[in-house]
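Structure first, commentary second.
The values are calculated or read from the model by the stated rules, or taken from the named source; none is laboratory data. Keep in mind it's a predicted model, so treat the numbers as computed, not measured. For neighbour counting, all protein chains shown are included, and Cβ atoms are generated from backbone atoms with ideal geometry for every residue, glycine included. Please note that ligands, DNA and RNA were not included when accessible areas were found on the heavy atoms of the full protein model with its side chains. Shrake-Rupley method; radii C 1.70, N 1.55, O 1.52, S 1.80 Å.
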Amino acid sequence: MLGLGAVGVAAAPMLQGGLERFLGAAARKDPTGLTGLLPNGGGFRYYSVVSSVPEKTAATFRLTVDGLVDRPGSYTLDELRALPQTRVVRDVQCVTGWRVPQTAFEGVTLSRILDAAGVQARGRAIRFTCFDGAYSESLTLD
């Protein structure tokens, strides 16, 4: 049993990656949308309380920065990827109670985006809004 457990632990990342690639390819060719009911359909699963969620692609994605900044603007995904990238590993915890420990995040630091925008002195907080319009979160700048 210990040997089988060790093989499972060693092979799991490769098997999961293969399953995600297979399901992702199937989902992209599925006109019915039924593959969306399967777990790990080759990418991030998005849940929402709104009736429909707009589909975003690399070509249509935009990160908009506005409000109390000197230089409002928006970034395409390619523009964000061209900026210096950082990798951090943190626990993710949802307000509903579930938790995913040691989750890796990669991308541009928020401080770099805010520095480029030029946050005004009277700015005290930042508000993040999800593209479906249903979810938002605020953090103080401190």
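Per-residue Karplus couplings for segment 74-81, computed as 6.51 cos²θ - 1.76 cosθ + 1.60 with θ equal to phi - 60°, are listed in order as 9, 10, 7, 5, 5, 5, 5, 5 Hz, Gly and Pro entered as x. The order of the peptides 10-18, 107-115 by mean Cβ neighbours within 10 Å, most packed first, is 107-115, 10-18. Per residue of the chain, the DSSP helices (runs of n ≥ 4 H) give a summed -39500 (n - 2.57) that works out to -9500 deg cm²/dmol at 222 nm. Subtracting the Cα-Cα distance of Val89 and Ser74 from their residue separation scaled by 0.36 nm leaves 2.8 nm.
Compared with the dominant Cα axis of the chain, that is its longest principal axis, helix 2-28 is turned about 60°. With the convex hull drawn over the C-alpha atoms of segment 47-90, the volume per residue is 166 Å³. The Cα trace of the chain gives Rg and Dmax of 19.2, 62 Å, the first to one decimal, the second as a whole number. Taken along the Cα-to-beta-carbon direction at a fixed 7 Å, the label points for Phe105 and Glu20 span 1.7 nm. Among all stretches of the chain without exposed chymotrypsin sites (Phe, Trp or Tyr not before Pro) (DSSP loop, at most 10 other Cβ atoms within 10 Å), which one is longest? Segment 48-97 is the longest. Across segment 85-100, rounded Karplus estimates of 3J(HN,Hα) from the backbone phi angles (6.51 cos²θ - 1.76 cosθ + 1.60, θ = phi - 60°) give 9, 10, 10, 10, 10, 9, 6, 10, 10, 8, 5, 7, x, 6, 9, 10 Hz, Gly and Pro being marked x.
Full extension of the chain between Phe128 and Asp115 gives 3.0 nm of extra length, using 0.36 nm per residue less the Cα-Cα distance. With the simple model of a label 7 Å out from the Cα in the direction of the Cβ, Ala82 to Ala59 spans 1.9 nm. With θ taken as phi - 60° and the Karplus curve 6.51 cos²θ - 1.76 cosθ + 1.60 applied, the whole-hertz 3J(HN,Hα) list for segment 55-61 is 7, 10, 10, 4, 6, 9, 5 Hz, x standing for glycine and proline.
In the context of the full set of protein chains, residues of the chain present 79 Å² of accessible surface per residue (probe radius 1.4 Å, heavy atoms only). Convex hull volume of the C-alpha atoms in segment 86-142, normalised per residue: 123 Å³. For Val69, the residues whose amide H sits under 5 Å from its own are Gln120, ignoring neighbours fewer than 5 places away on the same chain, with H placed 1.01 Å from N.
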